[in-house]
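Here, each number is a calculation from the coordinates, and none is a lab measurement. Keep in mind that what you see is a predicted model, and the values were worked out from it rather than measured. Neighbour counts run over all protein chains shown; Cβ positions are idealised from the backbone, glycine included.
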Amino acid sequence: MSSIRPKWLKRMSQPISRVKESDQNERTNPQLHCTLSAGLSAILQEDSRKTNEPVSHIVSRALAEYFQVSHSTLYQVSTATALVEGIYQGAVRVRTLREHGDLGLGTFENLDGEMMIVDGRFFQASSDGLVKEVEDDVLCPFAVVTRFVPDSAIVLQKCPDLAHLVNQFDQLRHSDNFFFALRVDGHFSYVRTRAMCRTEEGVPLIRAAAVQPEFEFHDIPGTLVGFWTPEYARTFNVPGYHLHFLSKDHQSGGHLLECAGSELRLQIQSEGDYHVALPETEDFVKADLRRDPSADLAKAEGAKK
């Protein structure tokens, strides 16, 4: 990251009046109130109008650059296209993923189950329905992780189905062109998941997904984690919503297919940077990844847009 401070931030670093942090119960999303010069305010408002990005996001990104800290970086291993074409060889170990965030999802070598990353802990939901926490040396062919500090949050009193849930997230998203990290905590009256079976390298994802077992859970507290990916990035990630579930007791989980619940807390974070680490495995280097994977992904993942 460059050490050069934006010119307008240099001006902002001059003393300004009435700067304070409001008294908020939301520890993860404190509100800052300050008085800006008319010129700086105009610059911010104009940039926000042109980019359709909230002023708060622009300021957060600029402050992160000013203080030389990571800001909402989405770190991904491999691509969705590689998975569709059957490239399941482990490319990165869990210990490496830990360095890049505390919330995310993915799968394991040979497509062996579903990965749920919650509060910095990594869990595996296997095709036999069992869930276990995994060690640092476990390999993964595909994963997405971020350091989650939500931009906003709401409480959904009643959620009859997954379609209603994603509709609420649609209202929280400020753009169709950014990536977003998502988290939902609460009590679920119903959850349906699936977990991929261990699969031989080279078997296309759509064939592997045809035999995936599904699981149903009732009256269960837990957490959903995942991402919303823009349509233009469909060769890299699952377009639209992609969510995994982990129960509060860490005994149940998997790729989310359907859910219902009440008193669900929805949190969302806009991702300012997207970093993709491409595998250096022989299969990936030699693979033909030119085909559009979106149709196969929709069938295999049950993706909701």
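The figures follow:
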{"item": "Contour excess over end-to-end distance, with Cα ends at Glu258 and Cys34 and 0.36 nm allotted per residue", "result": "76.3 nm"}
{"item": "Nitroxide proxy distance, nm - points 7 Å out along Cα→Cβ at Gln157 and Asp137", "result": "5.3 nm"}
{"item": "Estimated FRET transfer efficiency when R0 is 35 angstrom, pair Asp249-Asp170 (beta carbons, to 0.05)", "result": "0.70"}
{"item": "Sequence-distant residues sharing a close amide H with Phe188 (under 5 Å, placed H)", "result": "Ile220, Gly222"}
{"item": "Relative frequency of Cα-Cα separations exceeding 15 Å in region 145-208, percent", "result": "67 percent"}
{"item": "Computed E for Ala42/Glu99 - FRET, C-beta separation, R0 45 angstrom, nearest 0.05", "result": "0.65"}
{"item": "Two-site label geometry, Asp292 and Arg207: point separation in nm, points 7 Å out along Cα→Cβ", "result": "2.4 nm"}
{"item": "Net lengthening on full extension, Ser189/Arg265 (0.36 nm per residue, minus Cα-Cα)", "result": "25.9 nm"}
